[in-house]
Amino acid sequence: MTRERLAQGVSALEARVGQPLPLAQSLHEALLGAVFPLTAEELTWVARENEAPPTVLSLLGGLPRGHFASLDAVALALEGDLSGVDAAPAHPPAASSR
């Protein structure tokens, strides 16, 4: 599923059932107990353990590679992603040195 289709689906759902919880609150609940820094994959694992909704799991799974230093860094990356702006992770992967 593309992000565009996901956004369209969320908009259609909002029209039928009303506004969802704010992203910040959903993330806070999904990542409760997370010890940062974490990768997108690790964030998804934590969210699954916290029984996060499928939409949150999908958003976390689409985060760029790298480590996220805090919940705020995750929220900024997601907000940039949803608005079409590329948001870099807090700590991009280190380049190998020879």
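Some notes on this structure:
- Pair list, Cβ < 9 Å and 6+ apart or interchain, from segment 21-45 residues that are farther than 17 Å from G80 by Cα and aromatic (F, W, Y) to residues that are open to solvent by 20 Å² or more (accessible area, probe 1.4 Å) and in a loop (DSSP other than H, G, I, E, B): F36/A69; F36/S70; F36/A90
- When segment 33-66 is filtered for residues that are outside any loop (DSSP other than H, G, I, E, B), under 11 Å from the mean Cα position of the chain (by Cα) and of a type in the set (A, V, I, L, M), the ones remaining, listed by number, are A40, L43, A47, V56, L57, L59, L60.
- Residues (farther than 17 Å from L23 by Cα and open to solvent by 30 Å² or more (accessible area, probe 1.4 Å)) located in segment 33-66: G33, V35, F36, P37, T39, E41, E42, W45, E49, P64, R65
- Residues in segment 72-83 that are within 14 Å of T44 (Cα to Cα) and either modelled with pLDDT under 90 or surrounded by fewer than 18 Cβ atoms within 10 Å (Cβ to Cβ) (or both): A75, L78.
- One residue alone among S11, S26 is part of a helix (DSSP H, G or I), modelled with pLDDT under 90 and open to solvent by less than 40 Å² (accessible area, probe 1.4 Å), and that residue is S26.
The values are calculated or read from the model by the stated rules, or taken from the named source; none is laboratory data. Computed from a predicted model, the values in this text were never measured in an experiment. Because the Cβ atoms are built from the backbone with ideal geometry, glycine has one as well, and the counts that use them run over all protein chains shown. Just the protein is used for accessible areas: all its heavy atoms, side chains included, with ligands, DNA and RNA removed. Shrake-Rupley method; radii C 1.70, N 1.55, O 1.52, S 1.80 Å.
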